[in-house]
Amino acid sequence: MKEKLPRPSAVARIYFVALCGLWFWQHPVEAASEEPAAAVRPFVEEVWPGVVQRGQTNRIELRGTGLEQAVGLWTSVPGLTLAARPVSPGDGAAVVLEVDVPAEAPTGLFGLRLATGSGLSNACVFLIDELDITRNEIPQEQIAGQPAAVPVTLPACVAGKCRPEAIDRYALTVEAGQRVAVEVVGSRFGRDYDPLVRIRDASGTEIARCDNSAGLFFDCRFAHVFAATGTYTVEVSDARYQGDSRWNYVLRLGDFPVVSSVLPSILPAGSPTGLHLAAEAGSPPARADSLPVARAPAGASAGWFFHELRLQPDAQAIWVPLESGTLPALFESEPNNSGDDASSCSFPAALHGVFDRPGDEDWYEFDLTKGDKIRIQGVSSDMGSAADLELVLYEPVKNGEPREVRRNDETLVRDAERNTSYVTEAGFTFAARFSGAHRLLVREVSGDGGAGFTYRVDVEREVPRLTLTSAVARLSLPAGSWQPLPLTVKREGFTGEIRLSLVGAPAGVTLEPAVIPDGQDEIVCRLIAAEGAAPEIAPLQVMGRAEATVEGESFPLSATAGTRPLLDRQLRNKDRILLALRIDQRELPPSLRNRLALQVLPAAPFDLVLPEERVLLAKYLTADFPIQIRRQPGFTSPVEFGLAGGQIGDEAEERVQIYGRIPVASGAESAVVGRLFNRILTRPETHRVDVTATARHNERWVTLTRTFTLEVRPAFQPQFEPATVMLHPGETKTVRVTADRVAGFTGAVQLSQPLPQPGVSSPEEIEIPADEPFVEFKVSVPQDAAARRVTLRYESVGQVGEYQELLRSPLLTLDIRQPPKPAAK
């Protein structure tokens with residue numbers, strides 16, 4: 001049931017309104033999700049309930065926009081298909097589906113997308129559980145007075161909604177000494193929800209509470225032992241008393257462990273491994289007759305998966321993340337809180353430990369030989385830990401103390417697709433300068449600690465590595481057509497081509513080209529569906545393989561393309577600048593990070609063609625690019641267009657630097673011309689631009705995407721020819737300076753030397769007249785000039801459109817040399 005909180009005082013209400021006004025002043029609008037403006041995609045705001053039971057047929061409702069013509073669900077559950085059938089046609093704002101979840105489905109959090117006649121929706125997170133599900137969906141307006149708590153019987157899984165200023169109450173009856181584990185999943189659904197759980201006895205006295213549990217974002221997982229037999233009330237609310245119609249939660253009650261991570265976190269595929277559990281602070285020890293055993297799937301490629309963890313075979317389970325890998329697991333040996341007490345270890349190894357108290361530090365020691373190259377990589381959030389690691393490496397110094405040579409606590413990574421940045425775990429590479437014992441300090445950056453602050457540090461030989469990333473996470477692919485699949489490859493310690501292949505592709509779906517050439521780090525492949533390809537929904541993986549050879553040793557390399565789908569929406573502040581993603585948007589379930597969502601659709605009634613693969617845009621000018629629409633006979637619907645990529649944004653968003661205007665291709669029109677504009681802070685750079693074309697056909701939307709490369713540069717870039725001039729003392733030479741203008745700019749360009757160099761005769765000002773491609777001038781040095789190199793730094797100015805462009809270039813280098821001595825007679 002829901003309880004309406006007491007009405008706050010007038011002063012409190014004024015204060016609250018002021019705070020809300022300040023917040024919305026800072027965060028007034030929401031950003032679009034993953035697509036250019038013209039792309040019409042279904043958007044799911046809420047999955048209700050956010051949990052399904054395995055081994056059962058479940059009924060769920062999806063709410064949002066553009067949800068008409070639902071045909072099924074895409075999920076990221078590894079190796080399994082969840083059959084889904086719409087049970088009502090829906091009105092575009094909601095659709096109800098029946099979902100068959102196989103009994104062998106794993107418990108845990110996975111990705112979900114609605115498949116419609118117009119393509120795939122955005123990604124949402126849902127939970128697969130083993131418990132019977134109870135829905136608490138009594139409308140808030142029907143609750144009056146002091147509501148009674150909803151009775152639940154252990155074990156329980158309750159789906160509820162989070163509304164503003166509301167508390168949900170649940171009543172359970174327990175025996176004296178009974179242990180009950182409590183968990184709320186809400187923040188992990190990718191929502192800005194901060195659940196708070198309180199337990200009260202029959203008198204209303206609070207006997208337990210939990211806000212945030214380590215390693216679970218803002219969610220809760222804890223246990224309580226009841227001192228007396230009786231009926232108790234479990235309260236669930238948002239810690240800030242906020243709420244949203246899109247937010248819901250899952251309350252789990254039973255006899256399950258309350259840890260968020262276990263040790264070790266890496267397992268050899270196919271081999272049973274004992275797991276070590278640590279009780280959460282304030283929770284009673286978890287019962288277990290022996291260490292629980294986990295087994296990574298045999299033959300599985302290295303990667304993360306969820307493992308079900310139980311206290312007893314007949315008890316309820318939680319899910320913990322584990323990784324299938326080859327590194328042997330080693331554990332810290334206490335005491336190791338100083339360099340002198342460092343735990344001795346060898347490598348390669350996955351070092352495991354826990355910061356069991358605030359301020360805890362762990363030291364490790366291993367021998368290196370001069371010239372050894374190693375990689376040290378921290379792991380915490382992926383294994384469900386709350387620890388923020390800092391790694392410090394010390395090398396041996398003869399006749400002195402060890403010397404610090406590396407320190408790292410995070411790495412900033414730029415996400416160009418979303419114009420934002422995120423941080424990754426601490427890590428670095430190191431080449432030993434001395435032979436001997438090296439020490440590694442592992443600590444928590446904030447000095448925090450507890451049972452939830454586990455960690456892993458991988459120490460291994462530095463070998464070639466391959467990383468593959470996809471810029472898109474979903475593809476809606478019409479039969480007989482193609483969609484672009486942009487890939488980025490990172491080669492570490494090797495060169496060579498990368499061979500690509502598809503895993504899980506439906507019949508008739510292929511990838512071209514299937515090779516990334518040597519020296520190329522980015523490529524836009526085509527995912528192609530053959531004529532007559534059957535409609536299908538599938539999880540798709542893109543594999544990259546290479547052969548690296550280092551000092552005669554061969555290394556076969558493979559990688560699965562990683563993705564970063566956006567959960568919920570990314571907000572902008574009052575200046576329309578994208579805000580950083582919340583932790584629940586950054587830390588995705590493992591199965592969402594290594595596979596794409598693919599839906600094969602019926603054939604499209606048109607094709608989209610961009611004749612120009614590369615478009616040049618000069619600062620302060622415009623650039624046109626042609627678009628062709630090849631229509632099937634009888635197709636006359638208007639086609640709308642959108643642009644995305646790099647600095648491109650909506651024209652109304654004044655902070656974006658590039659925007660485009662593309663007219664609608666109406667009727668039987670088969671060609672239009674788009675135009676790009678730019679503002680004063682446009683950065684010179686080259687990046688991919690996605691052009692989408694969307695049209696209505698047979699009651700569905702059809703969207704095709706094509707790409708071109710946009711080069712942004714100044715309207716002029718003067719260059720000296722030659723850029724380096726060799727002179728002997730007393731010599732004069734002629735130098736040419738070219739304007740290097742872009743097409744469409746013919747204006748004059750003035751060059752000047754802000755700081756003329758002494759001992760050199762060169763013009764302080766040079767003008768390249770309008771329409772002239774270059775001018776020539778002379779430079780000289782005196783007879784007594786000494787041998788040296790002199791750099792003449794020029795600035796260039798030109799009037800481009802309404803603005804004056806200033807460049808801190810070009811540079812002219814004078815190489816003054818003494819003449820050769822005459823040969824001896």
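The values are calculated or read from the model by the stated rules, or taken from the named source; none is laboratory data. What you see is a predicted model, and the numbers here were worked out from it, not measured in a lab. Neighbour counts are summed over all protein chains in view; Cβ atoms, including those assigned to glycine, are modelled from backbone coordinates with ideal geometry. Heavy atoms of the whole protein, side chains included, go into the accessibility calculation; ligands, DNA and RNA do not. Shrake-Rupley method; radii C 1.70, N 1.55, O 1.52, S 1.80 Å.
Structure notes:
- Odd one out for residue 792, checked against (1) part of a strand (DSSP E or B); (2) open to solvent by less than 70 Å² (accessible area, probe 1.4 Å); (3) free of Cβ contacts under 8 Å to residues at least 24 places away in the same chain: (3)
- Residue within the range 434-451 that is among the aromatic types (Phe, Trp, Tyr) and part of a strand (DSSP E or B) present: no
- If the condition is being out of contact with any Cys (no Cβ under 9 Å at 6 or more places or on another chain) and either within 29 Å of residue 355 (Cβ to Cβ) or of a type in the set (Gly, Ala, Ser) (or both), then the range 225-244 contributes 225, 227, 228, 230, 239, 240.
- Number of the exception - residue 583 against (1) farther than 24 Å from residue 643 by Cβ; (2) of a type in the set (Val, Ile, Thr); (3) in contact with a strand residue (DSSP E or B) (Cβ under 9 Å, 6 or more places away or on another chain): (3)
- Restricting the range 562-584 to residues that are surrounded by fewer than 19 Cβ atoms within 10 Å (Cβ to Cβ), not charged (D, E, K, R) and not in a loop (DSSP other than H, G, I, E, B) leaves a set whose member that is modelled with the lowest pLDDT is 578.
- Counted as qualifying within the range 677-753 are the strands (runs of 3 or more DSSP E) with 1 or more residues that are under 15 Å from residue 622 (Cα atoms) and of a type outside the set (Asp, Glu), namely 700-713.
- In summary, strands (runs of 3 or more DSSP E) completely within the range 206-281 and bearing 2 or more residues that are open to solvent by 20 Å² or more (accessible area, probe 1.4 Å) occur at 206-210, 220-225, 230-238, 272-274.
- When the range 353-383 is filtered for residues that are open to solvent by 40 Å² or more (accessible area, probe 1.4 Å), in contact with a strand residue (DSSP E or B) (Cβ under 8 Å, 6 or more places away or on another chain), of a type in the set (Asp, Glu) and part of a loop (DSSP other than H, G, I, E, B), only 372 remains.
- Residue ranges of strands (runs of 3 or more DSSP E) in the range 38-126 with at least 1 members touching a Ser or Thr at 6+ places or on another chain (Cβ under 8 Å) and surrounded by 19 or more Cβ atoms within 10 Å (Cβ to Cβ): 43-48, 57-65, 70-75, 94-100, 108-116
- Checking the stated criteria, residue 537 turns out not to satisfy the condition of being open to solvent by less than 40 Å² (accessible area, probe 1.4 Å), assigned to a strand (DSSP E or B) and out of contact with any Ser or Thr (no Cβ under 6 Å at 6 or more places or on another chain).
- Which numbered condition residue 692 misses (of (1) in contact with a strand residue (DSSP E or B) (Cβ under 8 Å, 6 or more places away or on another chain); (2) among the hydroxyl-bearing types (Ser, Thr, Tyr); (3) open to solvent by 10 Å² or more (accessible area, probe 1.4 Å)): (3)
- Sole residue being over 21 Å from residue 137 (Cα atoms), aliphatic (A, V, I, L, M) and in contact with a Phe, Trp or Tyr (Cβ under 9 Å, 6 or more places away or on another chain), chosen from 62, 67: 67
- Qualifying residue in the range 673-682 (condition: open to solvent by 20 Å² or more (accessible area, probe 1.4 Å), over 30 Å from the mean Cα position of the chain (by Cα) and not β-branched (Val, Ile, Thr)): yes
- Just one of (1) loosely packed, with under 14 Cβ neighbours inside 10 Å; (2) over 48 Å from the mean Cα position of the chain (by Cα); (3) at pLDDT below 95 fails for residue 785. It is (1).
- Residue within the range 395-403 that is modelled with pLDDT of 95 or more, open to solvent by less than 30 Å² (accessible area, probe 1.4 Å) and within 19 Å of residue 363 (Cα to Cα) present: no
- All of 796, 752, 780, 761 fail the test of being of a type in the set (Gly, Ala, Ser) and closer than 24 Å to residue 711 by Cβ, apart from 796.
- Test: residue in the range 553-561 that is of a type in the set (Gly, Ala, Ser), in a loop (DSSP other than H, G, I, E, B) and within 15 Å of the chain's Cα centre (by Cα): yes
- Residue match in the range 606-628 (condition: at pLDDT 90 or above, within 18 Å of residue 526 (Cα to Cα), buried (at least 18 other Cβ atoms within 10 Å of the Cβ) and not hydroxyl-bearing (Ser, Thr, Tyr)): yes
- You will find that of 640, 587, 653, the residue that is of a type in the set (D, E, K, R), under 30 Å from residue 699 (Cβ atoms) and surrounded by 13 or more Cβ atoms within 10 Å (Cβ to Cβ) is 640 and no other.
- Options 135, 188: the member that is closer than 16 Å to residue 50 by Cβ and part of a helix (DSSP H, G or I): 188
- Only one of the numbered conditions (1) of a type in the set (A, V, I, L, M, F, W, C); (2) in a strand (DSSP E or B); (3) in contact with a helix residue (DSSP H, G or I) (Cβ under 9 Å, 6 or more places away or on another chain) is not met by residue 627, and that is (3).
- Reported count of residues in the range 189-210, each being modelled with pLDDT under 95 and among the basic types (Lys, Arg), is 1.
- Matching residues in the range 721-753 - criterion: being within 43 Å of the chain's Cα centre (by Cα) and surrounded by 16 or more Cβ atoms within 10 Å (Cβ to Cβ): 739, 740, 741, 742, 745
- Test: residue in the range 630-637 that is over 30 Å from residue 71 (Cα atoms) and surrounded by fewer than 20 Cβ atoms within 10 Å (Cβ to Cβ): no
- Taking the listed residues 769, 810, 718, 756, the one that is farther than 30 Å from residue 682 by Cα and either open to solvent by less than 70 Å² (accessible area, probe 1.4 Å) or modelled with pLDDT under 95 (or both) is 756, with no other qualifying.
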